[in-house]
1. Evaluate E = 1/(1 + (r/R0)^6) for GLN173 and ALA133, where r is the Cβ-Cβ distance and R0 equals 41 Å; express this FRET efficiency to the nearest 0.05.
2. With both partners inside the chain, how many of the DSSP beta bridges are antiparallel, as a percent to the nearest 5?
3. Filter LYS140/LYS217; LYS147/LYS185; LYS147/LYS178 down to the pairs with a C-alpha to C-alpha distance above 18 Å, please.
4. If you put +1 on each Lys and Arg Cβ and -1 on each Asp and Glu Cβ, how big is the dipole of the chain around its Cα centre, in Debye rounded to 20?
5. Relative contact order for the chain using alpha-carbon pairs under 8 Å, separation at least 6, rounded to a whole percent?
6. How would the chain be classified by its alpha-carbon gyration tensor: rounded, prolate or oblate, with rounded meaning a/c under 1.5 and the a/b versus b/c comparison settling the rest?
7. Using the scaling law 2.2 N^0.38 Å as the reference, what is the normalised Cα Rg of segment 17-103?
8. Decide, for segment 280-323, between rounded, prolate and oblate: order the square roots of the alpha carbon gyration tensor eigenvalues as a ≥ b ≥ c, take rounded if a/c falls under 1.5, and otherwise choose prolate if a/b is larger than b/c, else oblate.
Amino acid sequence: MKLIIRAAAALMAAGLAFAAIAQADFPTKPIRVVVTFPPGGSADAVVRMIVPRLNEKLAQQVVVDNRPGAGGNIGLAVVAKAAPDGYTLGVGAAGALAANSSLYAQMPFDPLKDLKPVSMLAAIPFVIVGNPALAPRTQKDLVAMAKSQPGKLSIGHGGNGTAMHLSAALFSQMADIKLVEVPYKGSGPAALDVLGNQIPLAVVDLPSALQHIKAGKLIAYAVTSPQRLPMLPDVPTVSEAGLAGYDSTGWFGVVAPAGTPPAIVARLNAEITAALNDEQIKAAMRNLGVEPAPGKPEAFDAYIRSETLKWGKVIKQANIKLD
């Protein structure tokens, strides 16, 4: 029996040593990054900004594989089912990683169990905009108008289940107003319809609205982030403007299959963090209207879990379902 125990211990030690060597040599072949958005969007653009640096530092090619659809579920399902060896990664947003488990009756994977957070990449603030033909000029007056006309004002957003949709729902809940939520295929079309006075209000991302706000063609009532934005220093946050505690920021980050060795996760996190801290990359990201948001895997994991709870409550109260 002692011989058996010693043999088993020796095999285990050998296995751990082999795993340590394999992790120390990582990577030895190309890495695939499954991006759950189509080419050309903010998340895709950010990933492609950091890929050249990752290629250099990892001494292997990082290949972008765009797999959009089903609010990010299609792409992240591929990642969740991949071998946990660091050679298949995913880039998902708040929807697929935190909200979809409440939006969909059935999920092809469990975000909290089947994926391992590696690093957040970026935060995306939104802005609540209106057409200048609308009488209110402040959030306080806008809320007062909505309360006097329940169900009369409509608000556009970037699509059902998106962070912009949830931002609008949270705004209505905290203000205790009833707005008609109108989904669009992206932030751009929603902003254009507000410009054309086809719809009075919308929650949109900064790139879709910034030039129109500065030109006076759109009213910026408030930004959804917890802090004011450098690009719109005179525009208050929703919280400052009367809904204390409001915070709705879009975000996306890198995940790996659950079970990916901690040493590999740490190596990937270190290289991604270094890329996001590069001044040229930071400037390019901010030009896109996104804020670099590097952090440790543990912090990203805790954030995903807190966002899952937060948006689960909002979705339940608003009775939002996507299937």
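Each reported figure results from applying straightforward, stated rules to the coordinates on display, with no laboratory input. A quick note: this is a predicted structure, and the numbers were derived from the prediction, not measured. Please note: Cβ atoms are built from the backbone with ideal geometry, for glycine as well, and neighbour counts cover all protein chains shown.
1. For GLN173 and ALA133, the calculated efficiency is 0.95.
2. 60
3. From LYS140/LYS217; LYS147/LYS185; LYS147/LYS178, over 18 Å: LYS140/LYS217; LYS147/LYS185.
4. That gives a dipole near 340 debye.
5. The value is 25 percent.
6. prolate
7. That works out to 1.18 for segment 17-103.
8. oblate
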